[in-house]
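The values are calculated or read from the model by the stated rules, or taken from the named source; none is laboratory data. From a predicted model like this one, the values you see are computed outputs, not experimental measurements. Cβ: placed from backbone, ideal geometry, glycine included. Neighbour counts: every protein chain shown. Only protein heavy atoms, including side chains, enter the accessible area calculation; ligands, DNA and RNA are left aside. Shrake-Rupley method; radii C 1.70, N 1.55, O 1.52, S 1.80 Å.
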Amino acid sequence: MSGKSLPQDLLRPAVLSSHAYAVADSSGLIKLDAMENPYGLPESLRGAWLECLHDAELNRYPHARPEELMRALALHGGIPADMELMLGNGSDELIQILISAVAGAGRPILGVDPTFVMYRIIAEQQGLAYHAVPLDGDFQLDLPAFLTAMEQHHPAIVFLDWPNNPSGQMHPVASLEAICAAAPGLVVVDEAYHAFSEASFADQLGRWPNLLLLRTLSKEGLAGLRLGFLAGPPAWIQELDKLRLPYNINILTQKSASFALQHAEVLALQANEIRTQREFVYERLRDMGLQVLPSRANFLLFAVPGRAAAIHTGLKNAGILLKAFTGHPRLGDYLRVSIGTPAENRAFLSALEGLL
């Protein structure tokens, strides 16, 4: 190995000191840790879906800009007609593009804490400072503190998960508007859970020239396709699109997503069932005497003070995987459960009650 460079010789310190996003092994478990829709494509549609893939030209590159799919996504997402879209391999790729686009400015990224961890991970891997404004004692946005942080740090991008992950709560619309009005850079509202919140900031696009909207189909039952989109004024999207790698959305994803959007009523029915089950699980957790946060997403955050690690392990031993927040200074006593099928939810609740 003499004369050969090692990783520490070539890689940026920000990369060497970072950590990869952790994905727990869920083999053989009821998977309630990743906010997925538990329902697959109905059997009645599977034949038609496979038929639509029949003529997919796997030997050719996919459409670089699948305009028909983009129009369907804009319609599905309620995006104003004068806005543009950019597609990503999940919303994670779009977050990476956004942060890499402003990395040269040397200005930080701003968010809240706790929130979606990828904002911080990607910012720090790009060598940017990430500042987080703590949510208040009820996991609500502290607007005065956030406005002060924007004035102090002059962030290039503000990321706001709406509803927030992992609390499941919505920031007030008036607060989002105040942040858009005061922000010195971009404001990105991430609506990953809009199918369950039944609310959207999409109609505000264009009102605020610095506002962009993130969406993903992952929570609507299509996580395996890895498809997200960024919407906003053409001046922003056209510049950011320069950083998108060519052919980033494969042909099977393009065709499958187009097919699914033609049957969007199925996705809507599944989302409605998940909302119903969310309220059922919420009430059962409260009946157990647990502190559980009201949620507008497809998951619930609940506290088991002093026992989170043991409960998490006990549930895993019972065949049920939840999300624990080991090492987080504020979430150490909390677990997050994604809403599953009725049978999965009953299994979780029964196992949890036995452990308590």
Margin query: Tell me whether segment 309-330 contains one or more residues that are open to solvent by 10 Å² or more (accessible area, probe 1.4 Å), in contact (Cβ under 8 Å) with a residue 60 or more places away in the chain, of a type in the set (Ser, Thr, Tyr) and touching a helix residue (DSSP H, G or I) at 6+ places or on another chain (Cβ under 9 Å).
Written below: no
Reported set for segment 276-297 where residues are open to solvent by less than 40 Å² (accessible area, probe 1.4 Å) and either of a type outside the set (Gly, Ala, Ser) or assigned to a helix (DSSP H, G or I) (or both) is 277, 278, 281, 282, 285, 290, 292, 293
So, first residue farther than 13 Å from residue 240 by Cα in segment 92-119, second residue open to solvent by 30 Å² or more (accessible area, probe 1.4 Å) and of a type in the set (Asp, Glu), Cβ within less than 6 Å, six or more apart or across chains; the pairs are 118/92
Review point. Mind checking whether some residue in segment 298-305 is open to solvent by 10 Å² or more (accessible area, probe 1.4 Å) and farther than 27 Å from residue 195 by Cβ?
Key: yes
Taking segment 2-46 and keeping only residues that are in contact with a Leu (Cβ under 9 Å, 6 or more places away or on another chain), open to solvent by 70 Å² or more (accessible area, probe 1.4 Å) and part of a loop (DSSP other than H, G, I, E, B), one is left with 25
Filtering segment 331-352 down to residues that are closer than 14 Å to residue 293 by Cβ, in contact (Cβ under 8 Å) with a residue 60 or more places away in the chain and open to solvent by 10 Å² or more (accessible area, probe 1.4 Å) yields 334, 336
Residues of segment 251-274 being open to solvent by less than 40 Å² (accessible area, probe 1.4 Å) and more than 30 Å from residue 54 (Cα to Cα), in sequence order, are 274
